[in-house]
Amino acid sequence: MAYDGVIDDILAAIRLEKPRRLPVFACSEEFDVRWHGKYTYEEVCQDGEKMAEVWIAAIEEFDYDWAWLQVDDCFEFEPLGVETQGRENILRATKTYLPATRETLDNLPMPDPAADGRMPEKLKAIRLVRERFGDTVLVEGSLAAPYSSVGLLFGLQETMMLTATDPGLLADACDFFVELQSRHAKAQLDAGAHAIWVGDCNAFSKMLSVDQYRRFAFPSCRRLVERIHEHGGLVHLHNSEISVKYLLAEAELGADIINCGPDADLAAVRQSLTGKNCFSGNLDPIEVLMRGTPDQVADEARRIVQIGYADGGYLFNTGEMNPRDVPAENMKALVESVRRTSEAMG
């Protein structure tokens with residue numbers, strides 16, 4: 001169950017030491033809502049008390065060492081006028097984007113996370129979860145990195161076009177989101193989050209070259225990381241990245257933890273990031289966790305732990321969000337295998 005010392009173990013990993021006990025994370029929110037069985041996802045994402053109820057129950061049932069209050073990608077963008085859509089158990093997603101123009105950017109409001117949109121409900125959930133667990137689990141809020149935020153405002157195609165047609169507008173839009181997301185980070189940290197999950201999947205290696213990443217996505221993300229640190233929070237970066245070359249670039253951002261995508265070669269990541277940056281990952285949530293047997297899940301979790309936990313600076317996690325149809329016995333097999341393997345490795 002949740003344990004005293006988990007934050008110390010996470011901080012040890014961030015210092016690139018080997019934690020006394022290996023914390024176990026899983027990007028499990030869709031699965032958790034389905035397992036809990038009382039509400040649709042659309043009901044949960046609008047109600048802080050329901051969010052907290054589900055997350056608390058899942059942590060107590062499956063023994064996660066964190067509360068990952070990512071929920072969906074739309075909280076920051078709905079108050080800006082971006083249309084979103086979700087229904088029943090399909091997560092909300094951005095649907096209709098704003099025109100990629102200077103006029104749009106100049107007229108954007110600066111929402112108050114404590115009052116506007118659904119963010120107050122997310123803050124309520126963070127407070128309730130932190131009140132329940134204190135420092136015995138890592139409470140982690142979330143937001144989008146600036147470059148990915150522009151993609152969620154203007155649409156990914158238009159944002160990628162701006163790299164060629166109007167890089168100045170793209171840079172200014174990223175600057176806007178450094179400020180907006182810094183405010184959202186502070187609100188979540190003030191509500192009780194220990195850390196912020198910063199998603200930048202629009203800057204994934206299949207979208208941008210390394211040179212483009214360094215020019216268009218890296219500078220604003222680094223400023224946001226600095227702002228989150230100034231607010232007293234940890235940063236858990238997720239680009240779903242699988243390329244070692246890109247992960248090494250991400251290691252220069254100053255993020256406390258980098259999560260690797262499921263197709264990354266973890267042995268190569270281990271070799272490249274040892275002594276450079278704490279990383280987490282990367283069990284495949286579809287082919288292994290959803291489609292595998294409990295024994296196959298346990299075997300793969302064991303393999304990953306034997307690679308990652310062999311040296312300092314590692315935390316266990318899945319490589320991406322776990323589908324809602326993951327069998328509960330597979331989730332239990334994952335956690336139990338990580339516990340057994342890491343305890344045996346000392």
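Every number here is computed from the coordinates shown, using simple stated rules; none is lab data. This one's a predicted model, so the numbers in the text were calculated from it and none came from an experiment. Cβ atoms come from the backbone with ideal geometry, glycine included; neighbour counts cover every protein chain shown.
Cβ-Cβ distance below 6 Å, separation of 6 or more or different chains: which pairs start in region 10-35 with a residue that is over 20 Å from H238 (Cβ atoms) and end on one that is outside any helix (DSSP H, G or I)?
Filtered contacts from region 10-35: A12/P19; E17/G312; K18/G312; R34/R324.
Could you tell me whether Y97 is hydroxyl-bearing (S, T, Y) and closer than 30 Å to T136 by Cβ? Spell out the reasoning first.
Values: hydroxyl-bearing (S, T, Y): yes; closer than 30 Å to T136 by Cβ: no.
No, not satisfied.
Being among the hydroxyl-bearing types (S, T, Y), part of a helix (DSSP H, G or I) and crowded, with 24+ Cβ neighbours inside 10 Å is the filter here, so list the residues in region 134-174 that pass it. Outline the logic, then answer.
Keep residues of region 134-174 that are among the hydroxyl-bearing types (S, T, Y), which gives 136, 142, 147-149, 159, 163, 165.
Next cut, part of a helix (DSSP H, G or I) only: 147-149, 159, 163, 165.
Answer for region 134-174, where residues must be among the hydroxyl-bearing types (S, T, Y), part of a helix (DSSP H, G or I) and crowded, with 24+ Cβ neighbours inside 10 Å: Y147, S148, S149, T159.
Does D116 satisfy the condition of being in a loop (DSSP other than H, G, I, E, B) and closer than 24 Å to I258 by Cβ? Show your work before the answer.
On the way: in a loop (DSSP other than H, G, I, E, B): yes; closer than 24 Å to I258 by Cβ: no.
Taking the combined requirement at face value, the residue does not satisfy it.
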